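Only one structure is covered here, and it is reproduced in the block below.
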Amino acid sequence: MIEERASTHVYRQKRMFTKEELEAREHLCVHEQPPYCNAACPLKLDTKAMIAAVSAGDFDRALALYDKITPFPHILCALCEAPCEGKCKLHEVGEGVSIRELETAALRFGAPPKKRGLLRKKNKKAAIFGGDLFTLFLAGELCRKMYPVTVFCQQDGYAAFLRACASGMPEEILAASEQTLSRMDITFVWNTDPAEAFAEKNASFDLRCAAYDTAQLLFPGLAVDEAVMVCREHRLITGRTQGVLGAAFGAKKAALSADRLAQNLDPANTRGEEGSVETRLYTSLDGVSPSQRIPCTDRASAVAEAKRCIQCRCEECIKGCAYLQHYKKFPRILTREIYNNVSIIMGDHMMNKPINACSLCGQCSVLCPNGYDMAEVCHIARQNMVTTGKMPLAPHEFALMDMLFSNDEAFLCRPQPGYAQCKYVFFPGCQATAIAPATVRAAYLDLCQRLEGGVALMLGCCGAICDWAGRYEMYDDTVKFLDEQLARLGNPTVITGCPTCKKQLSSHAQLEIHGIWEILEAIGVPEKAKRLEKPVAVHDACGARGDKATQQSIRRIAESLGCQVTQTPYEGDKSPCCGYGGLTQYTNREVAKEMTDKCLERSDLPYLSYCMACRDRFAREGRESMHLLELVYGTSADHCPDISAKRYNRLSLKHHLLEEIWNEEVIAMDLGFTVAYTPEAEAMMDDRMILKTDVIRVLQSLRQTGEAIREENSGLLLTRARLGNVTFWVKYEEVDGGYRVHRAYSHRMNIVNRL
Amino acid sequence: MAEKNYYTIDPDGKLTCMKCGVRLEKGKAKFLYLDNGFPVELPVCPKCGFIYVPEELALGKVLSVEKALEDK
Ligand code: SF4
Ligand code: SF4
Ligand SMILES: [Zn+2]
């Protein structure tokens, strides 16, 4: 029995990791980094969203996004140097998206956005002296910020002013911009010399801005801090810019400086990030074929060009992992939420389920360009919860008890008869013995026969189960126990039947450890091996992640047996988990099923696995599924034992081999009564994780206490017994010599009499 | 003062205790889990105190309370 945690009222807390480590982990994820085009735009156009809008045919929205970044979209668009285009990811495989053409299309086909709601004018007044491209944009920016703006200029009207500011601009652009400008709430004082106007009027304005020429006339040799577009000495907003993008960006910086100056702050005060940035985004180009630019002559062609955009983003992890898909969360968010969950002392721990649903398979760390390791986060969280007494036992108890069974009642450790010390020990793993005992037997007999120096046998569990459950103390005990058993055998070379056992044992046993596949490659497959002349999909076990040698060895053996090994997506190190790993199968059946489906969607072919848990889960889903050893030893692979049979198989294999190989007679315990089950009861028990041995113990208790009740309607009897942390109820009828079980159910809650 | 019961079922004379040979009656019981307790009324044998937890209760209310407490 494993101790249930004592109480929900235990208020212990331990941090999973430091704030710095949390941040370092979060930093690995680049999902929220800006796409390449966005990052290149100093005006921070949400280029990706704008292109998405065009590709959806929504030119209004596209224009609204574009309009947001500048008061004069027509002018900007006409001459923009478009640094975004050069950064387009598609350049790596073909031609990048014509972003500027799409902006032009937005301007042509989109309805101008409605004016923003009526904001109150600010009470600080701004004056602009002289016209150039920078002051034109600045006038627009300040007007958008609701400063009352007055422009003093030499020209006699909008058209002349625009021509002076934006020389070389096509006529239709000027015409469109004239409209824009004339509708803005800006006061123009025409036919004025800006320098003279400055001398006369500047004192009556709070914010003074000047075209660079004018500024130089006023203050020859003035020093401008171009980062903020301010000459501090004269408290003058001005500066030199280059090109239309430079002017538009300069005006943005200047307008922000105006805000600071209006509050009597230094213009450099708290400005945040400005201009273009470097992005750390990763975007896979897998499956992206090169394409060419489509000239945007009408709506349809603009939409077609926009559709070439691949909407850069990183979702490598979530694409491959059913668990992340289930919770619809990226590792960064999940880590933060798990971290917070673990830090809560009282109240609901909403993230317990996600913490326990990860299969700890490590696929994410391979798929992520930066190696984000969600498995480690969930594993640490589980251990942390065990430490603080916050880990519920219920989700893992069945698996843990199963492991204790493997390493106790069903455990076997014997040298090969005739050898005091053996050169090898065969460690098939708990799942192989539970699911395919005949295969284990055949493999062991084969190894004994064909290997020199004696092969011991050890039937048990490597400890993966308690490790996955976060029960580190139990794991340490298991490691110690196994190491002692291995020492008793004289520390032979270990031959494991399972890649997870190989991985687990390699982490402690200071011994030579091989997978049985390596041995089979060295000594050849036995003659009676079953050939399978057909195409198969090899499913790589998560226990073999990072173990290329194993992955390749399996394929060579499969091919030597006639299999045509096909390539599947997510193979090798990228392989998803079957749903057994991390105990997902026990903690969250829904997620486990989604994991299995994700594995199976990669191919319609029969699946060849080299982990018995994978083989079992695929077979349960109705897929033709076999374990490599079932092929090698010609044993049948068409059975899916239920939970009781999995225990029975382990025990009976042990007893059988003790008799067959070591000549030890095992005296079967006679219950003294028979127990039969209706088919409904059997299915129900498998589903509810109730073992036949549990039912037998309840009936044994019944025979001692006589405690039962009769249901008058059905005439059936009910009894119950508390076994460990669980109360089991059995509904039965008495038959000749024993019982026939109709139903079984359980609860963990204790139910007691009250006076 | 009557204690509030979280759950009540009346056996309606449909259950018999095999040991005592009497009908189960509605009786006082208590759910206990992880140091939390809830008073309930369940079918109880008036002689030996055997408490009957029906399947629907075990798989319904009891399970959901267990789960809620496990994640506290
Ligand atoms: S793979 Fe996932 S975790 Fe890694 S950077 Fe991309 S989105 Fe973030
Ligand atoms: S299930 Fe596997 S791939 Fe998904 S988060 Fe967990 S360890 Fe990563
Ligand atoms: Zn009674």
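The values are calculated or read from the model by the stated rules, or taken from the named source; none is laboratory data. Treat the numbers as computed from the prediction; the structure is a model and nothing was measured. All Cβ positions, glycine included, derive from the backbone under ideal geometry; neighbour counts span all protein chains shown. Keep in mind that these areas ignore ligands, DNA and RNA; they rest on the heavy atoms of the full protein, side chains included. Shrake-Rupley method; radii C 1.70, N 1.55, O 1.52, S 1.80 Å.
Here is a check on your reading of the model: is residue A:407 surrounded by fewer than 24 Cβ atoms within 10 Å (Cβ to Cβ), within 16 Å of ligand 1 (Cβ to nearest atom) and of a type in the set (S, T, N, Q)? Spell out the reasoning first.
Values: surrounded by fewer than 24 Cβ atoms within 10 Å (Cβ to Cβ): yes; within 16 Å of ligand 1 (Cβ to nearest atom): no; of a type in the set (S, T, N, Q): yes.
No.
Inside the range A:270-296, can you point out the residues that are loosely packed, with under 14 Cβ neighbours inside 10 Å and farther than 16 Å from residue A:97 by Cβ?
Answer for the range A:270-296, where residues must be loosely packed, with under 14 Cβ neighbours inside 10 Å and farther than 16 Å from residue A:97 by Cβ: A:270, A:272, A:273, A:275, A:278, A:286, A:287.
Taking helices (runs of 4 or more DSSP H) that fall entirely within the range A:34-111, which contain at least 2 residues that are farther than 21 Å from residue A:247 by Cβ and out of contact with any helix residue (DSSP H, G or I) (no Cβ under 7 Å at 6 or more places or on another chain)?
Working: elements: A:36-40, A:47-55, A:59-69, A:73-79, A:83-87, A:99-109.
Of the helices (runs of 4 or more DSSP H) lying wholly inside the range A:34-111, those with at least 2 residues that are farther than 21 Å from residue A:247 by Cβ and out of contact with any helix residue (DSSP H, G or I) (no Cβ under 7 Å at 6 or more places or on another chain) span A:59-69.
Hey, could you check the range A:356-372 for residues that are in contact (Cβ under 8 Å) with a residue 24 or more places away in the chain and of a type outside the set (A, V, I, L, M, F, W, C) and say which is nearest to ligand 1 (Cβ to nearest atom)?
First, pick out the residues of the range A:356-372 that are in contact (Cβ under 8 Å) with a residue 24 or more places away in the chain: A:356-364, A:366-372.
This time we only want the ones that are of a type outside the set (A, V, I, L, M, F, W, C), so: A:356, A:359, A:362-363, A:369-372.
Values: A:356: 20, A:359: 16, A:362: 13, A:363: 11, A:369: 6, A:370: 5, A:371: 8, A:372: 4 Å.
Of everything passing the filter in the range A:356-372, A:372 is nearest to ligand 1 (Cβ to nearest atom).
Residue A:687 versus (1) within 48 Å of the chain's Cα centre (by Cα); (2) touching a residue at least 12 places away in the same chain (Cβ under 8 Å); (3) within 13 Å of chain B (Cβ to nearest Cβ): which is the lone unmet condition?
The number of the failed condition is (2).
Within the range A:511-518, identify whether any single residue is at pLDDT 95 or above and more than 35 Å from the chain's Cα centre (by Cα), and answer yes or no.
Checked against the condition, which is being at pLDDT 95 or above and more than 35 Å from the chain's Cα centre (by Cα), the range A:511-518 yields no hits at all.
Tell me which residues, restricted to the range B:18-38, are within 7 Å of another protein chain (Cβ to nearest Cβ) and either over 19 Å from residue A:755 (Cβ atoms) or polar (S, T, N, Q) (or both). Before the answer, list the steps.
Going through the range B:18-38, the residues within 7 Å of another protein chain (Cβ to nearest Cβ) turn out to be B:18-19, B:24, B:28-36.
B:18, B:19, B:33, B:34, B:35, B:36, listed by residue number.
Might you let me know whether the range B:14-33 holds any residue that is assigned to a loop (DSSP other than H, G, I, E, B), away from ligand 3 (no atom under 12 Å from the Cβ) and under 15 Å from residue A:709 (Cα atoms)? Reasoning before the result, please.
Taking the range B:14-33 first, the residues assigned to a loop (DSSP other than H, G, I, E, B) are B:14, B:18-22, B:24.
Applying the additional criterion that residues be away from ligand 3 (no atom under 12 Å from the Cβ) yields B:14.
Remaining after also requiring under 15 Å from residue A:709 (Cα atoms): B:14.
Yes, the range B:14-33 contains at least one residue that is assigned to a loop (DSSP other than H, G, I, E, B), away from ligand 3 (no atom under 12 Å from the Cβ) and under 15 Å from residue A:709 (Cα atoms).
Would you be able to say whether some residue in the range A:334-355 is more than 15 Å from ligand 2 (Cβ to nearest atom), in contact (Cβ under 8 Å) with a residue 60 or more places away in the chain, surrounded by 15 or more Cβ atoms within 10 Å (Cβ to Cβ) and aliphatic (A, V, I, L, M)?
yes
Determine whether the range A:639-655 contains at least one residue that is out of contact with any Asp or Glu (no Cβ under 9 Å at 6 or more places or on another chain) and at pLDDT below 95.
yes
Hey, among A:357, A:381, which residue is over 21 Å from residue A:13 (Cβ atoms) and within 14 Å of chain B (Cβ to nearest Cβ)? Lay out the reasoning, then the answer.
Values: A:381 fails: over 21 Å from residue A:13 (Cβ atoms).
Only one candidate qualifies: A:357.
Given A:703, A:720, A:647, A:743, which one is in a helix (DSSP H, G or I) and either within 14 Å of another protein chain (Cβ to nearest Cβ) or open to solvent by 60 Å² or more (accessible area, probe 1.4 Å) (or both)? It would help to see each step written out before you state the result.
Details: A:720 fails: in a helix (DSSP H, G or I); A:647 fails: either within 14 Å of another protein chain (Cβ to nearest Cβ) or open to solvent by 60 Å² or more (accessible area, probe 1.4 Å) (or both); A:743 fails: in a helix (DSSP H, G or I).
Just a single option satisfies the conditions, and that option is A:703.
Taking residue A:4, is it under 24 Å from the mean Cα position of the chain (by Cα) and more than 18 Å from residue A:310 (Cα to Cα)?
It is false that residue A:4 is under 24 Å from the mean Cα position of the chain (by Cα) and more than 18 Å from residue A:310 (Cα to Cα).
Take the range A:700-723 and flag every residue that is touching an Asp or Glu at 6+ places or on another chain (Cβ under 8 Å) and in contact (Cβ under 8 Å) with a residue 24 or more places away in the chain.
A:716, A:723
Collect the residues in the range B:12-47 that are open to solvent by less than 40 Å² (accessible area, probe 1.4 Å), out of contact with any strand residue (DSSP E or B) (no Cβ under 6 Å at 6 or more places or on another chain) and not aliphatic (A, V, I, L, M), keeping them in residue-number order.
Once the filter is applied, which keeps residues that are open to solvent by less than 40 Å² (accessible area, probe 1.4 Å), out of contact with any strand residue (DSSP E or B) (no Cβ under 6 Å at 6 or more places or on another chain) and not aliphatic (A, V, I, L, M), the range B:12-47 yields B:20, B:33, B:36.
Test residue A:375 against the stated conditions and say whether it is within 14 Å of chain B (Cβ to nearest Cβ), open to solvent by less than 20 Å² (accessible area, probe 1.4 Å) and within 16 Å of ligand 2 (Cβ to nearest atom). Break it down into steps so the answer makes sense when it comes.
Details: within 14 Å of chain B (Cβ to nearest Cβ): no; open to solvent by less than 20 Å² (accessible area, probe 1.4 Å): yes; within 16 Å of ligand 2 (Cβ to nearest atom): yes.
Here the answer is no, as residue A:375 does not meet what is asked.
Test residue B:50 against the criterion of being touching a Leu at 6+ places or on another chain (Cβ under 9 Å), of a type outside the set (A, V, I, L, M), at the interface with chain A (Cβ under 7 Å from one of its Cβ atoms) and crowded, with 17+ Cβ neighbours inside 10 Å, and give yes or no. If you could, list the steps in order and put the result at the bottom.
On the way: touching a Leu at 6+ places or on another chain (Cβ under 9 Å): yes; of a type outside the set (A, V, I, L, M): yes; at the interface with chain A (Cβ under 7 Å from one of its Cβ atoms): yes; crowded, with 17+ Cβ neighbours inside 10 Å: yes.
Here the answer is yes, as residue B:50 does meet what is asked.
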